[in-house]
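Q: Got a structure for you, questions after.
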Amino acid sequence: MSQAFAPFSRPLYVMAKAAGSMCNLRCSYCYYLEKSKLYSAKNGGGEPRYFMSDAVLEEFIRQYIEAQTAPSVMFTWHGGESLMRTPAFYRRVLELQRKYSRRDIRIDNCIQTNGTLLTDEWCRFFKDNGWLVGLSIDGPREFHDRYRLTPSGAGSFDEVMRGVERLNRHGVEWNAMAVVNDLNAAHPLEFYRFFKSIDCRFIQFTPIVERTTPHGLASIGDRDGACVAPFSVGAQAWGDFLCALFDEWVCQDVGRFFIQLFDATLANTVGVEPGVCSMARTCGHAAVIEHNGDLYSCDHFVFPQYKLGNIRQKTIFEMMNSSAQLKFGQDKRDALPGQCRRCRWLHLCNGECPKNRFTVTADGESGLNYLCEGYRRFFEHSAPAMNYMRGELLAGRSPASVMKLYK
């Protein structure tokens, strides 16, 4: 039966961990490898213990399509390393999507990978089926190989670049997901120009902020004994990085290279949804499903207290619309400290990701974002150009005209 859509309905996203936390790399800053501690039992049939079974896969695909209230659905396949599953697994994904598809809905697929396992077979599959590939790469060799390591401690840059070459040769659409850390943050232009040199048009620069305890990475809410991990980017360094990056982008690259954070800032300046949950007013519409069907509030909140249930006992629609998940999403706005509520840039950052809100304000209130100082510097620095681009968009003109102001 066809489902009527609300005119302003918002897509519901669930990132799927088809391979759980299994990965062929051992990146120093990975927050997900330790999630294996949550699961120890094997799946039925003797499969690797973190692989999603066919029964869970089918139930997930059926429920995920049924839960949508918008005319499209995006399946995002993640890990660990998503390519530790075989092409046969993802061909099965397509079979099940066809089985449960509706005439009134469009289905798209995105897969995120570290790129080291990409082969011609994989690339043909992605091209033939129109899959978007998100590739993790941290810039040129000296930056990438600092933290993105194999189990033996070797760098992975060469393998990733071979994957990039294959993607390009087969005409696969892909974008870059680059982690900004304590090392590469000090070299913003060298970092950025690397991506331009390989003609990567869509780039997501993500600041790494993790905390550690004597027992490993800190859980959300841990305060006593938790300290910021040494590979994390500092707030001032993050602001310096963004400003230097922005200065080159706004002079040369608007409309040619698309940087997610700059796009999100412009969207918030205009007053439309930013397209990335960390910069939105509320969250809670983007969950993650583990290999065994457990659903958690967010990819960064895979901790027992944020488990919503399992798809074998509850539906995705039921869990995503539960009071617990709705509160999780609203808390992003409602738990802001007073300093944030009074900030002139609140409409641009909205407190950023709740996982980073573990510092205190000038008057001692908890809940301030660790990167606050850096974001404030960037927003003030970029405001004149952002406001100009806003005016151009509202007038029906291209925001790329901003570049003429900086020549």
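Q: Could you grab me the full set of residues in region 349-407 that are within 24 Å of ASP247 (Cα to Cα), outside any loop (DSSP other than H, G, I, E, B), of a type in the set (A, V, I, L, M, F, W, C) and under 22 Å from the mean Cα position of the chain (by Cα)?
A: Listed by number, the residues that qualify are CYS349, CYS372, PHE378, PHE379.
Q: Would you check which residues across region 203-228 are assigned to a loop (DSSP other than H, G, I, E, B), at pLDDT below 65 and within 22 Å of LEU183 (Cβ to Cβ) and list them?
A: ALA218
Q: Separate question: Identify the residue in region 384-393 that is free of Cβ contacts under 8 Å to residues at least 40 places away in the same chain and out of contact with any Ser or Thr (no Cβ under 7 Å at 6 or more places or on another chain) and, among all such residues, is most open to solvent (accessible area, probe 1.4 Å).
A: If we take residues in region 384-393 being free of Cβ contacts under 8 Å to residues at least 40 places away in the same chain and out of contact with any Ser or Thr (no Cβ under 7 Å at 6 or more places or on another chain), then PRO384 is most open to solvent (accessible area, probe 1.4 Å).
Q: Restricting to region 305-356, and then to whatever is among the small types (Gly, Ala, Ser) and at negative phi, can you tell me which residue is surrounded by the most Cβ atoms within 10 Å (Cβ to Cβ)?
A: Here the residue is GLY329.
Q: For region 15-29, does any single residue satisfy the condition of being at pLDDT 90 or above, surrounded by fewer than 17 Cβ atoms within 10 Å (Cβ to Cβ), in contact with a strand residue (DSSP E or B) (Cβ under 8 Å, 6 or more places away or on another chain) and within 30 Å of SER152 (Cα to Cα)?
A: Within region 15-29 (the criterion being at pLDDT 90 or above, surrounded by fewer than 17 Cβ atoms within 10 Å (Cβ to Cβ), in contact with a strand residue (DSSP E or B) (Cβ under 8 Å, 6 or more places away or on another chain) and within 30 Å of SER152 (Cα to Cα)), the answer is yes, since at least one residue qualifies.
Q: What's the number of the only condition in (1) under 17 Å from CYS283 (Cα atoms); (2) open to solvent by 40 Å² or more (accessible area, probe 1.4 Å); (3) touching a residue at least 12 places away in the same chain (Cβ under 8 Å); (4) of a type in the set (Gly, Ala, Ser) that SER398 fails to meet?
A: Condition not satisfied by SER398: (1).
Q: Please name all residue pairs, on different chains or six or more residues apart, with Cβ atoms under 6 Å, provided the first residue is in region 185-203 and is under 20 Å from VAL233 (Cα atoms) and the second residue is among the aromatic types (Phe, Trp, Tyr).
A: ALA185/PHE241; PRO188/PHE241; ILE203/PHE195
Q: Then there's this: Considering region 324-368 alone, what residues qualify as being hydrophobic (A, V, I, L, M, F, W, C) and out of contact with any Lys or Arg (no Cβ under 8 Å at 6 or more places or on another chain)?
A: Residues satisfying the conditions are ALA324, LEU326, PHE328, LEU336, CYS340, LEU346, LEU348, CYS349, CYS353, VAL360, ALA362.
Q: Which condition breaks for CYS343 when tested against (1) in contact (Cβ under 8 Å) with a residue 40 or more places away in the chain; (2) outside any helix (DSSP H, G or I)?
A: Answer for CYS343: the failing condition is (1).
Q: Right, here's the next one. How do the pairs read when you match residues in region 314-339 that are under 21 Å from SER278 (Cβ atoms) with residues anywhere that are among the aromatic types (Phe, Trp, Tyr) and open to solvent by 30 Å² or more (accessible area, probe 1.4 Å), using Cβ under 9 Å and keeping only pairs 6 or more apart or on different chains?
A: Close Cβ pairs (under 9 Å, with a partner that is among the aromatic types (Phe, Trp, Tyr) and open to solvent by 30 Å² or more (accessible area, probe 1.4 Å)) amount to ALA324/TYR306; PHE328/TYR306.
Yes or no, residue by residue, for (1) of a type in the set (Lys, Arg); (2) in contact with a Phe, Trp or Tyr (Cβ under 8 Å, 6 or more places away or on another chain); (3) not in a helix (DSSP H, G or I):
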| position | (1), (2), (3) |
| --- | --- |
| PRO230 | no, no, yes |
| GLN236 | no, no, no |
| LEU242 | no, yes, no |
| PHE246 | no, yes, no |
| ARG256 | yes, no, yes |
| LEU261 | no, yes, no |
| ALA264 | no, no, no |
| ASN268 | no, no, no |
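Q: Take GLU95 and tell me if it is of a type in the set (Asp, Glu), modelled with pLDDT of 95 or more and surrounded by 15 or more Cβ atoms within 10 Å (Cβ to Cβ).
A: No.
So that you can scan it fast, the table gives a plain yes or no per residue for (1) among the aliphatic types (A, V, I, L, M); (2) at pLDDT 95 or above; (3) open to solvent by 20 Å² or more (accessible area, probe 1.4 Å):
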position	(1), (2), (3)
PHE75	no, yes, no
ASP104	no, no, yes
ILE107	yes, yes, yes
GLY134	no, yes, no
GLY139	no, yes, no
THR150	no, yes, yes
TRP174	no, yes, yes
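Q: State whether one or more residues within region 42-61 are closer than 27 Å to LEU135 by Cβ, modelled with pLDDT of 85 or more, in contact with a Leu (Cβ under 9 Å, 6 or more places away or on another chain) and open to solvent by 10 Å² or more (accessible area, probe 1.4 Å).
A: No, region 42-61 contains no residue that is closer than 27 Å to LEU135 by Cβ, modelled with pLDDT of 85 or more, in contact with a Leu (Cβ under 9 Å, 6 or more places away or on another chain) and open to solvent by 10 Å² or more (accessible area, probe 1.4 Å).
Q: Of all residues being out of contact with any Lys or Arg (no Cβ under 9 Å at 6 or more places or on another chain) and open to solvent by less than 30 Å² (accessible area, probe 1.4 Å) in region 157-166, which is nearest to CYS200 (Cα to Cα)? Just the residue, please.
A: Once the filter is applied, the top-ranked residue is VAL164.
The values are calculated or read from the model by the stated rules, or taken from the named source; none is laboratory data. Remember, it's a predicted structure, so these values are computed and weren't measured experimentally. We place every Cβ from the backbone using ideal geometry, glycine too, and count neighbours over all the protein chains shown. Note: accessible area is taken over every heavy atom of the protein model, side chains too, but ligands, DNA and RNA are not part of it. Shrake-Rupley method; radii C 1.70, N 1.55, O 1.52, S 1.80 Å.
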